[in-house]
Amino acid sequence: MSGYLKQVPDKDGYFGNYGGAFLPPQLEPHFKEIAQAYERISGDASYIAELRYIRKHYQGRPTPISHARNLSTKLGGANIYLKREDLNHSGAHKLNHCMAEALLAKHMGKKKLIAETGAGQHGVALATAAAYFGLDCEIHMGEVDIAKEHPNVKRMKLLGATVVPVSFGARTLKEAVDSAFESYLGQTEEAIYAIGSVVGPHPFPKMVRDFQQIIGVEAREQFIEMTGNLPDHVVACVGGGSNAMGLFSGFVDDDTVQLHGVEPMGKGPKEGDHAATITFGQPGQIHGFKCLVLTDANGEPAPVHSIASGLDYPGVGPEHSHLHEIGRAKYGSATDEETLQAFYALSRLEGIIPALESSHAVAYAMKMAATHAGETILVNLSGRGDKDLDYVTDNFGHGEDYPL
Ligand SMILES: *Cc1c(COP(=O)(O)O)cnc(C)c1O
């Protein structure tokens, strides 16, 4: 393939059959305003220069690539490498798009960022960006999630954000989205809505991909410098799909590089036990865009589960739906158990405690290693595991039950 990134999405935000923007009429002009502002600003030299400055002097980019030597030796097959997004300021890749969205807001003359958050990771990253730019930040979060993810609520408040508890319906992510949209409608002049992955109505899937592309651009250059070659495989976990699109963007035109997205198989393939949207989903619509969707018997978004709360979404980015359909990327999965095994293995063998989300990608690479002897696998380590420590050690111990 060549020039892939220039070909999709089209001007209406379609990646083949997926994407678009299906909005209540009151919101349509505001998403158009964001799309137009982004078109204008993304070519502006001062915007690009400011973003580069922030990435280097605030976020700590470029993040390195590490050769997971001990893990590779232990597995005795392929060589595994890690793109270290866990070393980004605030501990994950999410700051790549949050800083860029906040900078866009500033260039548009907005004073406030609004978003929903599930586990709180997007909320924390956005609150960090808001603090940096001196913008107000309003984060909507279900009461169930607030109780579960208390450290992230504290972080958001420390960073100066207002956390709005959402007390209707199931009081989790879906209601938080509804609540945030409602609030945004009342303040579209001064605020911008900041989506946390390559999902949502146009222009967000394209915009967030562009902001995350830095992962793939750096990784391609670093990998060639380190090994003399392109990797044979690149692997990333897929929730909405932003860290995966970031990595894939760097390699999508390289036909020899196989792209792998890893979905959460949770406790198994039964409805409600996983969030493997591409593996089991059907074309449909969710939160204002077309993609593959996990639905229940009534056609409503199905309940989902993953040990990694950043991956449990019944939809997926339109571009992943497209890359799957055209066969350019392969989508596999890792179960909760395989993920825990990878979490403990990387901690003990490499001295790197990975986020449970990222552990899915590591688990998949570990499964691939034996059957791909002599090949190279580059895994996107999307975040660090500090946020998951209490949950993992309280429930599963320190690895006694997961021998290497
Ligand atoms: C949020 C999160 C993810 C999932 O989001 P994507 O948009 O699929 O990348 C993955 N890893 C970490 C560490 C996260 O915080």
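The values are calculated or read from the model by the stated rules, or taken from the named source; none is laboratory data. Not measured: the values here are computed from a predicted model. Here the Cβ positions follow ideal geometry from the backbone for every residue, glycine too, while neighbour counts run over all protein chains shown. Heads up: the accessible areas ignore ligands, DNA and RNA and are worked out on the full protein's heavy atoms, side chains in. Shrake-Rupley method; radii C 1.70, N 1.55, O 1.52, S 1.80 Å.
Around Gly383, with a cut-off of 13 angstrom between Cβ atoms, what is the net charge of the other residues, counting Lys and Arg +1 and Asp and Glu -1? Taking every other residue near Gly383 into account, the sum is 0.
Ranked by the mean number of other Cβ atoms within 10 Å per residue, highest first, peptides 112-125, 32-45 order as 112-125, 32-45. The loop-placed GluC sites (Glu not before Pro) in segment 141-205, going by DSSP, that have at most 16 neighbouring Cβ atoms within 10 Å of their Cβ come out as Glu189, Glu190.
Once Rh for segment 192-335 is found with the Kirkwood sum over Cα pairs, what is the Stokes-Einstein diffusion coefficient at 4 °C and 1.567 mPa s, in µm²/s? The partial results should precede the final answer.
Values: Rh = 15.4 Å.
Translational D for this selection: 84 µm²/s.
Length gained on full extension, Asn70 to Glu189, computed as 0.36 nm times the residue gap minus the Cα-Cα distance: 37.5 nm.
Principal axis extents of the Cα atoms in segment 1-147, from largest to smallest and rounded to whole angstrom, are 57, 44, 37.
With every protein chain kept in the model, how would you rank Glu325, Glu225 by accessible area, 1.4 Å probe, largest at the top?
On the way: Glu325 95, Glu225 155 Å².
I get Glu225, Glu325, largest accessible area first.
Placing unit charges on each Cβ (+1 for Lys and Arg, -1 for Asp and Glu) gives the chain a dipole about its Cα centre, and among Pro314, Ala236, Ile54 the Cα reaching farthest toward its positive end belongs to Ile54.
The alpha carbon radius of gyration of the chain, expressed as a multiple of 2.2 N^0.38 Å, is 0.92. Packing around the peptides 339-346, 314-321, 91-98, taken as the average count of other Cβ atoms within 10 Å per residue, puts them in this order, highest first: 314-321, 91-98, 339-346.
Entry comment: accessible area of the chain is 40 Å² per residue, from protein heavy atoms only and a probe of 1.4 Å. Each principal axis of the Cα cloud of segment 331-388 was taken in turn, and the coordinate range along them, longest first, works out to 33, 22, 17 Å.
In percent, rounded to a whole number, the relative contact order of the chain is 20, using alpha-carbon pairs under 8 Å and six or more apart. Partner lysines whose Cα lies under 16 Å from the Cα of Lys111, excluding those fewer than 8 positions away in the same chain, are not found. Excluding same-chain neighbours fewer than eight residues apart, the lysines reachable from Lys267 by a Cα-Cα span under 23 Å are Lys148, Lys174, Lys330, Lys367, Lys387.
Roughly how big is segment 209-277's charge dipole about its Cα centre, with Cβ charges of +1 (Lys, Arg) and -1 (Asp, Glu), in debye to the nearest 20?
Details: 4 positive and 11 negative charges, 65 e Å.
Roughly 320 debye for segment 209-277.
Seen against the Cα atoms of the chain and their longest principal axis, helix 356-369 is set at about 30 degrees. Remark: the Cα gyration tensor places segment 284-397 in the oblate category, a/c being 1.5 or greater and a/b not exceeding b/c.
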